[in-house]
1. Under a Cβ-only charge scheme (Lys and Arg +1, Asp and Glu -1), can you give me the dipole magnitude of the stretch 51-186 about the Cα centre, in debye to the nearest 20?
2. Taking the highest mean first, how do the peptides 276-283, 100-107 order by number of other beta carbon atoms within 10 angstrom per residue?
3. Please work out whether the stretch 126-211 counts as rounded, prolate or oblate from its C-alpha gyration tensor, where a ≥ b ≥ c are the square roots of the eigenvalues and a/c under 1.5 means rounded, while otherwise a/b larger than b/c means prolate and anything else oblate?
4. Could you point to the residue in GLY178, CYS142, GLY107 farthest towards the positive end of the stretch 97-185's charge dipole, with +1 and -1 charges on the Cβ of Lys/Arg and Asp/Glu respectively?
5. Counting only the backbone N, which residues of the stretch 254-272 are under 14 Å from the spot 7 Å out from the Cα of GLU282 toward its beta-carbon?
6. Return the sequence-ordered ³J(HN,Hα) values of the stretch 63-71 in whole Hz as given by the Karplus equation 6.51 cos²θ - 1.76 cosθ + 1.60 applied to θ = phi - 60°, using x for Gly and Pro.
7. Using the charge dipole of the stretch 189-289 (Lys, Arg: +1 at Cβ; Asp, Glu: -1 at Cβ; taken about the Cα centre), state which of LEU273, HIS244, SER189 has its Cα farthest towards the positive end.
8. So who's got an amide H within less than 5 Å of the one on CYS202, skipping anything under 5 residues away but keeping other chains? H placed 1.01 Å off N, in plane.
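Bear in mind these aren't lab numbers, they're just calculated from the coordinates by the rules spelled out. What you are looking at is a predicted structure, and each value in this text was computed from that prediction instead of being measured. Using ideal geometry, Cβ is built from the backbone for each residue, glycine included, and neighbour counts are taken over all protein chains shown.
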Amino acid sequence: MKGKKKPAGIKHRIREKKKRERRIALAIIIAILIIIVSASGFFINSMLNKPSPDHSSNTSTSEPKAAIADHLSLTAPNQTFIQTATNTLEQAGYTVDYYPGEDITVGFYRDLPKHNYDIIILRVHSTAAELQGQEYVETPVCLFTSENYTTTKYLYEQLYDQIVGVSYTVPEPPFYFGIMPKFVTSSMSGRFQDTAIIMMGCEGLNNTKMAEAFIQKGAKVYIGWRGAVSASRTDQATAQLLQHLIMEKQTIKQAVTETMNDVGPDLIHDTVLLYDPPEAEEYVIPDVP
């Protein structure tokens, strides 16, 4: 991708300048001082008021669950797709949790493994490109949130490149927090339990960094696009993909191949649907008990 001009409308990751790093470093020093001052009181209070363990969000359950994270509802709403996907999942016996765009925050991603979802559909904006000068260069895949970007929040995660600033209209605002693969592996709470991740956004598999992060965190397979994709195309493809995977019980390879046959080739961006890891090709999503 280096040196190539990207089509209009593609989202891009924003790297903060060195002055941002200095602000972050100063803020971290202040935060450390505050932590040191309050630490003793915190631990004393914790020991005196230690609650009973609550494993409700981490306890595995026989009831299959699926999630639809609909970040695109803020920019490209499609209630028909949401209803179609929900109906397919419910007919197969899944309980479906729906998250509208305003709920797709850093906290949402952080807690995602704790819900023990069997299938997670990420209808979210994403990118694998960064504007450097006048050129776009490839970067690890980044998932958008709807949370406004600021240099004074999530200091640790920003310092270690787990979270970055992103924009739909580079280099103009507004900017939002974006989730990087390092956040998935280092800051998500809990682990996925052989979860199937369906990543609907642009460039979700331009490289395998994000897929590898989800797999390392316990996911079974990660399905996404290599290249830019319109909301209408990814909606159509994902509806077909769910039908093949859930209702027809096809393997990952069969379902992805059939889906591409269903929607046809992308003549503008040469976008194709892929999956990772390769060894998941014969995996079939289990029947609901």
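1. On the way: 6 positive and 16 negative charges, 26 e Å.
Roughly 120 debye, rounded to the nearest 20.
2. On the way: 276-283: 14.6, 100-107: 17.4.
Packing order, densest peptide first, comes out as 100-107, 276-283.
3. Details: a/c = 1.86, a/b = 1.25, b/c = 1.49.
Because a/c hits 1.5 or more and a/b fails to exceed b/c, the stretch 126-211 counts as oblate.
4. Sorting the options by dipole projection puts first GLY107.
5. Residues passing the 14 Å test: 254.
6. 7, x, 9, 9, 10, 10, 9, 9, 4
7. SER189
8. The list, which skips near neighbours in sequence, is SER126, VAL229.
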